[in-house]
Structure formats: structure tokens, C-alpha cells
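Undergrad: Got a structure for you, questions after.
Taken together, the values in this text are just the output of simple stated rules run on the coordinates, not laboratory data. Predicted model, so just to flag it, every value in this text is computed and none were measured. Please note: Cβ atoms are built from the backbone with ideal geometry, for glycine as well, and neighbour counts cover all protein chains shown.
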Amino acid sequence: DTGVSQDPRHKITKRGQNVTFRCDPISEHNRLYWYRQTLGQGPEFLTYFQNEAQLEKSRLLSDRFSAERPKGSFSTLEIQRTEQGDSAMYLCASSHGQNSPLHFGNGTRLTVT
Amino acid sequence: AQSVTQLDSQVPVFEEAPVELRCNYSSSVSVYLFWYVQYPNQGLQLLLKYLSGSTLVESINGFEAEFNKSQTSFHLRKPSVHISDTAEYFCAVNTNTGNQFYFGTGTSLTVIP
């Protein structure tokens, strides 16, 4: 169990640029989640995969956001045409079944200038 | 829909004193409850969980929480805190009908020497 890893740890980008984050879940976990966390708030659900299928998306996820998990292993989260309001910590988590606890990565902190 | 309320945003407490961090939830179905801890610049780590069985659950570092169905609460307690317990604590709820985990806004625990 090497834990959930996220890359990069920090990303600074200019408004209007596209960014992509990667998440490698715990290898035997079939469920993968993306959350967003802003200062003083708890994590907010963005989207959820079971294996390679994206089964649920939050209304927070605008059309500029897209997530993939092509082979049911790692996942990417892309934000197109970034806006200052996208600045946040993006957290990835994985689990091995429904109601099993989430295991979180250390997150990717995005700053849009 | 489910929701989680953590009424105390900040809790200062002296070292070796007891502490209680409050968590209340709302749900129309059976719930599974979790407490997570987040240290600065890190992801969330599972502290303890209630899935079924005994309503009192404990962590390895001295925290405990009690599921109270009638009061829809899952308060976190520790009889004697250490400096190293200084962190952000998040309560979360999941259900057997959903995939999302809903998080509270967090409680910042500061242990004062």
C-alpha cells in the first residue's frame, strides 16, 4: 500500500490557461473520487469513478472541467480556460468498496493568477 | 440529501485538557460516519469510522466518537490532548444508497502549551 499520489503538488497558472492534474490511487481500489477544497471549507465532491466508468458528477463541475480514468487505474482532471475562482486544493481519494473509507492523496494546490 | 454540520470552526484548548468537537448530520436513510484529520499542507487522514455495531468507536491515538441516532450526532472526544493534535478535523457522512461522502466545514483544533 503506497497510498494515493497526486501530481503536481503545486501549480501556478495564468487565467485562461489549461491545467491537468494526475492521481494514482491505491492499486487494488476500484473507486476513485475528486474533491475540491477551498480555505476554511470542507472538501466538496466533484466526481466519482468506479473502475473506468464516471458514475457521478457534481453540479459544481462546469463544462470547463473534465475527468478521465481510461484504464481504471490512474485518473486525470483537466481544467480548461482557468479562472481565478478555480484556485483551490484539488484532492483525489480512492476506496475499495461502497462505504469503505476514502484514502486521500496530499492534493494539488492550484493558484490562478 | 445528506448534510453535515460542524458548529465550532475553531476550538482552542490547553494541553492535557479534554476536548469535544461536535458533529451533527441530517439524513433520511441509514448513515456511515467518519472523522478525518488534516495536518497543514497534507491530505485528509482517516481518524475513525462508524459503520455498524457498537456506537462507540475509538482511534489508535486516544480519540473516540459516539454515534447517537436520536440526536443525529457523532461528536469526537479526547480526554487529554497533546500539542501534536493541533490540526483541522472534518466529520463526514456516507449512506448505503449513495456514492458521495459529504463533509462538514471542519473544526480547527489548536492545543495551547
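Undergrad: Taking segment B:96-113 as the search range and keeping residues that are over 12 Å from the mean Cα position of the chain (by Cα) and more than 9 Å from chain A (Cβ to nearest Cβ), which one is surrounded by the fewest Cβ atoms within 10 Å (Cβ to Cβ)?
TA: Ranking the candidates gives B:113 first.
Undergrad: Follow-up. Does segment A:92-111 contain at least one residue that is within 16 Å of residue A:15 (Cβ to Cβ) and free of Cβ contacts under 8 Å to residues at least 12 places away in the same chain?
TA: For segment A:92-111, residues within 16 Å of residue A:15 (Cβ to Cβ) and free of Cβ contacts under 8 Å to residues at least 12 places away in the same chain: absent.
Undergrad: Check A:107, A:97, A:72 and return the single one that is of a type in the set (Gly, Ala, Ser) and within 10 Å of the chain's Cα centre (by Cα).
TA: After ruling out the rest, the residue left standing is A:107.
Undergrad: Could you please find all residues in segment B:34-57 being crowded, with 19+ Cβ neighbours inside 10 Å and within 16 Å of residue A:91 (Cβ to Cβ)?
TA: B:34, B:36, B:37, B:38, B:43, B:44
Undergrad: If you check residue B:12 against the conditions, is it within 16 Å of residue B:108 (Cβ to Cβ) and more than 13 Å from the chain's Cα centre (by Cα)? Steps first, answer last, please.
TA: On the way: within 16 Å of residue B:108 (Cβ to Cβ): yes; more than 13 Å from the chain's Cα centre (by Cα): yes.
Spelling it out, residue B:12 is indeed within 16 Å of residue B:108 (Cβ to Cβ) and more than 13 Å from the chain's Cα centre (by Cα).
Undergrad: Of the residues in segment A:33-67, how many are within 11 Å of another protein chain (Cβ to nearest Cβ), aliphatic (A, V, I, L, M) and under 14 Å from the mean Cα position of the chain (by Cα)?
TA: Going through segment A:33-67 one residue at a time, the tally reaches 1.
Undergrad: Can you find even one residue in segment A:82-102 that is within 11 Å of chain B (Cβ to nearest Cβ) and touching a His at 6+ places or on another chain (Cβ under 8 Å)?
TA: Yes, some residue in segment A:82-102 is within 11 Å of chain B (Cβ to nearest Cβ) and touching a His at 6+ places or on another chain (Cβ under 8 Å).
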